[in-house]
1. What residue, among those in segment 72-99 that are assigned to a helix (DSSP H, G or I) and open to solvent by less than 60 Å² (accessible area, probe 1.4 Å), is farthest from residue 60 (Cα to Cα)?
2. Within segment 52-78, which residues are at pLDDT 90 or above and of a type in the set (S, T, N, Q)?
3. Within segment 36-71, how many residues are polar (S, T, N, Q) and not in a loop (DSSP other than H, G, I, E, B)?
Amino acid sequence: MAQVAMRYRKRPLEIVAARWFRNGDHPGDGPADREGKIVRYYRAPKFDGETACPKCGSQMHDHGWIDTLEGGHIVCPGDWVITGIKGERYPCKPDIFAATYEPVLERDFQTMLHDGDCNDCPSLAASPGQETEFSCSREGACPKAQVAT
């Protein structure tokens, strides 16, 4: 029996990403005067440091190297470094990143207004002196909550 190709959509999820241009740009790298902890110095014997990158045209000594689940990847200046849902990290070209991801709007989920029917929610604790205002440890995941304006 032949397989049938089906269409799929990525599940909506949030990732953490930082744009990388040079050593020290990734927030997890540490001081820029040393090799980064996340994006390390470029090291691939296939090209010397003076060779132009076949993907972006910059000299290879301007690139970084990131360990990935597949072994490792070159990080071109301007690439996004994504931290995935299992903590894995990988580079992503700017055009692919722009077509795939959008910024997450930050909201203050600390104070939530509830409809009063949340007695069964283990993550809620009433704020002192108020019956309908709560601090929700689920950070906005409560389906009965509305963000206080």
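1. Going through the qualifying residues, I end up with 97.
2. 58, 59
3. So the count comes out to 1.
The values are calculated or read from the model by the stated rules, or taken from the named source; none is laboratory data. In this text the structure is predicted, and so the values were computed from the model without any measurement. The accessibility values were calculated without ligands, DNA or RNA, using every heavy atom of the protein model including side chains. Shrake-Rupley method; radii C 1.70, N 1.55, O 1.52, S 1.80 Å.
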